[in-house]
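Contents: one structure, followed by commentary.
The values are calculated or read from the model by the stated rules, or taken from the named source; none is laboratory data. All of these numbers come straight from a predicted model, not from anything done at the bench. Glycine gets a Cβ as well: all are built from the backbone with ideal geometry, and neighbour counts include every protein chain shown. The accessibility values were calculated without ligands, DNA or RNA, using every heavy atom of the protein model including side chains. Shrake-Rupley method; radii C 1.70, N 1.55, O 1.52, S 1.80 Å.
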Amino acid sequence: MSPLLEVRNLSVAYGAIEAVRDVSFSVDEGQVVSLIGANGAGKTTTLRTISGLLRPTRGEILFRGEPIHRKAAHEILASGIAHSPEGRRLFGRMTVEENLQLGAYVRNDEAGIQSDMRRVYELFPVLGERRHNKAGLFSGGEQQMLAIGRAMMSKPKLLMLDEPSMGLSPIMTQRIFDTIKELQSQGTTILLVEQNALAALALSDRGYVIDLGSTTLEGPGIDLLADQRVRAAYLGEG
Ligand code: ATP
């Protein structure tokens, strides 16, 4: 069976700066896969390119066997890839419910949209309690939940989460990681970018280390966690 997502020899540049260099990885259906690496390694750029917000200079991206790297962002979203971006990018003046509705704009099955909204509120009860409140007044953790909820509302086959634990307390971080596991058990495939390498690898089926724009190590999450090079670089062990 071919992978759900396959990134082959991807390179992406901002003008003369090559941010991603020959990155390759794949995500099988039903898996949680993590990309880890230092600040500036090219992880966010990789996700933005998969979403169609940036164009590769080389390489290709296949989703369900079809090349998508020349498609427009809205077509990629409609084909089943959702992206919860770094920094959340919510619409602060809109309510929780309006933000969730926007996440569903590629759909027109009203009954399905309502049932998925209930699912988001079940996962994150605080969002249900505050569904008519404006998102801009929420705490970092609540905004992060809303960003994930909004991405879930397109009913994606593949959910990409960029730094979902950024700026969150350890309790909230745990909550987000528990939610990732729950989404996986409900059938969503997840591509996760995380600074929090330990927690990310612990819940991942596979991990890839990106260093200076290139994939340098890969393997099952649990094996990477035990790898001395990963421990030295990301967990502060020497
Ligand atoms: P972080 O975890 O800090 O977000 P990252 O691994 O996600 O890091 P990217 O954000 O993809 O890394 O950045 C990769 C490289 O591209 C960095 O050197 C960064 O400075 C550069 N870069 C990112 N965005 C731009 C841009 N809009 N214009 C020019 N250079 C950029």
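List of remarks:
- Taken per residue, the accessible surface of region 32-83 reaches 41 Å², heavy atoms only and a 1.4 Å probe.
- Amide H to amide H distances under 5 Å link SER214 with ARG21, where only residues 5 or more positions off or on other chains count and H is placed in the peptide plane.
- Hydrodynamic radius (Kirkwood) for the chain, which is based on Cα pairs only, to one decimal in Å: 18.0
- Whole-angstrom gap from region 63-80 to region 129-200, using each part's C-alpha centre: 22
- Annotation: peptides 132-139, 154-161, 57-64, 185-192, ranked by per-residue average of other Cβ atoms within 10 Å with the highest first, follow the order 154-161, 185-192, 57-64, 132-139.
- Accessible area of region 88-155 divided out per residue, in Å², using a probe of 1.4 angstrom: 50
- Surface composition of the chain: carbon plus sulfur atoms hold 50% of the accessible area, using a 1.4 angstrom probe and ignoring ligands, DNA and RNA.
- For GLU110, the accessible surface of its heavy atoms amounts to roughly 100 Å² (probe 1.4 Å, protein chains only, rounded to the nearest 10).
- Simple Cβ-charge dipole of the chain, Lys/Arg +1 and Asp/Glu -1, about Cα centre, in debye nearest 20: 580
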